[in-house]
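Have a look at the structure below before the remarks.
The values are calculated or read from the model by the stated rules, or taken from the named source; none is laboratory data. No experiment lies behind these values; they were computed from the predicted model shown. When we count neighbours, we look across all protein chains shown, and the Cβ atoms used for this are built from the backbone with ideal geometry, even at glycine. Only protein heavy atoms, including side chains, enter the accessible area calculation; ligands, DNA and RNA are left aside. Shrake-Rupley method; radii C 1.70, N 1.55, O 1.52, S 1.80 Å.
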Amino acid sequence: MSMKTERLFYENVYLREFTARVLFCGEEERGCYVILDRTAFYPEGGGQPADTGVLLIPSAEAEAGSGNVAGERTAAENRMVGEKNPKISVRDVQYVGDEIRHYVDVLPEVGSQVRGCIDWDRRFDLMQQHSGEHLVSGCIHSRYGYDNVGFHMGEDVITVDVNGLLDEKQLLEIEKQVNRYIWSNRPVRVFFPDEEERNRLPYRSKKELTGEVRLVEFPGGDLCACCGLHVEASGEIGLVKLLSVKHFRQGVRMEMVAGGRAMRILHQHKTANSQVAAALSVKPEETPEAVRRLQEEIFALKGQITHFRQERFALRAEQCAGKGNVLLLEQGLSSSDIQKEADAVLDDCGGICAVISLEGNGQGKGGSARYAVGQRDGDVRALVQEMNGKLQGRGGGRPFFAQGSLQAEREQIRTFFAGKGFRVLCEKSSY
């Protein structure tokens, strides 16, 4: 049997606490749930997440204060009454048919009175985000004729999908227009029009609606069918900041924040930019140009390093010319440079070339090493297999060239290759 709950959240969106009677307690896949005769907890819907908060059980609090300890009841009774936890967390609220189910971890007694307290900071944040999204979508629709075809209210940012293309310049103009409207502090109207009035109104909706329709109007800014909760005056939104826009399907996806979230993210960006400016010894407004110069310097230095490494690999090849099987012990080389050095030496040594770069302090103690082993037109698979077995290695490749890693110390590596008749060269790192 379906049980109706009076929806206090529609009567007063600013109601933070309320009293109610427990009509039913149950359990399903989501967990234990409670149905109340009235509630200010908003169930998830219209793109807006559900409220969270607590249910306080006055009877349990009173009994706890009078010395009536939990041990005087059975474990099952304790779970139902919640004597050990008179403050029951409401972690989710959902519509299931006509029912509003409050999902909790501890069940109160059916028929008992409870006091509900919603997480107001979270609720008001969601109201700011939702109201800000309405104004942004309404502005885009009135200026460009595009429709909002997707909307997600995340923990950090709001994403809005529209079925048309927008660029950064247009985004800035939308942001300016929306914030001018917010600061005009216009009252918000929420109403249920009759069918005749509804047919006359140019409201936004993602689908055809029948029956009772709830409309949210920001006069001169937006008119949209919506079951979510909103502020009562646009000034309460405070601020809207559009963060990004990128192509998505046949249109764009925007990221935005409003109200307190906008203030927090602007503060974070200002703090980060100030830290970058201090590190680069420039004014905050000069960081983009300073970063650009730094990138150019880094690019030039990388070119020089590449040139020096190429010269070094050529020198290694010259040092190893005609020496047969050689081991080059290095330190701190990247996998790419290990491969390049081995490849440079292969043509001149006349045998197998093994390049092993030790990590950390160059001793290989408690660390690891990376290797490249190869022989021009040869087969190093047997050597690599034995090396991996004795030096705790992993890796492989083609018959004539293999790469991987080892877990071994410098002396263990030297001993293994010396036992195979390899010449050990370049034991000290040059860079």
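Among the residues of segment 231-252, are any outside any loop (DSSP other than H, G, I, E, B) and either on the phi > 0 side of the Ramachandran plot or in contact with a Cys (Cβ under 8 Å, 6 or more places away or on another chain) (or both)? Spell out the reasoning first.
So the first thing to find is which residues in segment 231-252 are outside any loop (DSSP other than H, G, I, E, B), and the list is 233-237, 240-248, 251-252.
Those still in the list that are either on the phi > 0 side of the Ramachandran plot or in contact with a Cys (Cβ under 8 Å, 6 or more places away or on another chain) (or both) too: none.
Within segment 231-252, none of the residues are outside any loop (DSSP other than H, G, I, E, B) and either on the phi > 0 side of the Ramachandran plot or in contact with a Cys (Cβ under 8 Å, 6 or more places away or on another chain) (or both).
Among the residues in segment 303-320, are any under 24 Å from F400 (Cβ atoms) and surrounded by 22 or more Cβ atoms within 10 Å (Cβ to Cβ)? Walk me through it before giving the result.
Taking segment 303-320 first, the residues under 24 Å from F400 (Cβ atoms) are 309-310, 312-320.
Add one more test, that the residue is surrounded by 22 or more Cβ atoms within 10 Å (Cβ to Cβ), and what stays is 316, 320.
Within segment 303-320, one or more residues are under 24 Å from F400 (Cβ atoms) and surrounded by 22 or more Cβ atoms within 10 Å (Cβ to Cβ).
Determine whether G393 is among the small types (G, A, S), buried (at least 18 other Cβ atoms within 10 Å of the Cβ), modelled with pLDDT of 90 or more and touching a Phe, Trp or Tyr at 6+ places or on another chain (Cβ under 7 Å). Show your work before the answer.
Values: among the small types (G, A, S): yes; buried (at least 18 other Cβ atoms within 10 Å of the Cβ): yes; modelled with pLDDT of 90 or more: yes; touching a Phe, Trp or Tyr at 6+ places or on another chain (Cβ under 7 Å): no.
No.
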More than 43 Å from the chain's Cα centre (by Cα) and in contact (Cβ under 8 Å) with a residue 24 or more places away in the chain - does that describe any residue in segment 363-371? no
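I'd like to check something: does segment 180-203 contain any residue that is in contact with a strand residue (DSSP E or B) (Cβ under 8 Å, 6 or more places away or on another chain), part of a helix (DSSP H, G or I) and at pLDDT 95 or above? Break it down stepwise before answering.
At the first step, the residues of segment 180-203 found to be in contact with a strand residue (DSSP E or B) (Cβ under 8 Å, 6 or more places away or on another chain) are 181-182, 185-193, 198, 201-203.
Within this subset, residues satisfying the condition of being part of a helix (DSSP H, G or I) are 181-182, 198.
Those left that are additionally at pLDDT 95 or above: 181-182.
The answer is yes; a qualifying residue exists.
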Could you figure out which of (1) over 24 Å from E318 (Cβ atoms); (2) at pLDDT below 95; (3) within 40 Å of the chain's Cα centre (by Cα) isn't true of Q412? (3)
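Can you tell me which residue in segment 23-56 is surrounded by the most Cβ atoms within 10 Å (Cβ to Cβ), limited to those that are in a loop (DSSP other than H, G, I, E, B) and acidic (D, E)?
So the residue we want is D51.
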Selected residue [part of a helix (DSSP H, G or I), in contact with a Gly (Cβ under 8 Å, 6 or more places away or on another chain) and open to solvent by 50 Å² or more (accessible area, probe 1.4 Å)] from Q412, Q385, Q403: Q412
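For segment 143-154, state whether one or more residues are of a type in the set (K, R) and in a strand (DSSP E or B). Walk me through it before giving the result.
Initial filter on segment 143-154 (of a type in the set (K, R)): 143.
Then drop every residue that is not in a strand (DSSP E or B), which leaves none.
No, because not a single residue in segment 143-154 is of a type in the set (K, R) and in a strand (DSSP E or B).
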Considering only segment 308-349, state which residues are touching a Lys or Arg at 6+ places or on another chain (Cβ under 7 Å), free of Cβ contacts under 8 Å to residues at least 40 places away in the same chain and of a type in the set (G, A, S). A344
May I ask you to verify whether V54 is in contact with a Pro (Cβ under 7 Å, 6 or more places away or on another chain) and among the β-branched types (V, I, T)? no
Among the listed residues V326, V291, V282, V276, which satisfies the condition of being in a loop (DSSP other than H, G, I, E, B) and either out of contact with any Asp or Glu (no Cβ under 8 Å at 6 or more places or on another chain) or surrounded by 11 or more Cβ atoms within 10 Å (Cβ to Cβ) (or both)? V282
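Identify, please: which residue in segment 228-259 is under 19 Å from the mean Cα position of the chain (by Cα) and of a type in the set (G, A, S) and is, among those, nearest to R293 (Cα to Cα)? Give the derivation first.
Of all residues in segment 228-259, those under 19 Å from the mean Cα position of the chain (by Cα) come to 241-246, 248, 253-258.
Pick out the ones that are also of a type in the set (G, A, S) and you get 244, 258.
On the way: S244: 25, A258: 34 Å.
Here the answer is S244.
Which ones in segment 155-176 are assigned to a helix (DSSP H, G or I) and surrounded by 15 or more Cβ atoms within 10 Å (Cβ to Cβ)?
As a first pass, look at segment 155-176 and keep what is assigned to a helix (DSSP H, G or I): 168-176.
If the condition is that a residue be assigned to a helix (DSSP H, G or I) and surrounded by 15 or more Cβ atoms within 10 Å (Cβ to Cβ), then Q170, L171, I174, E175 are the ones that fit.
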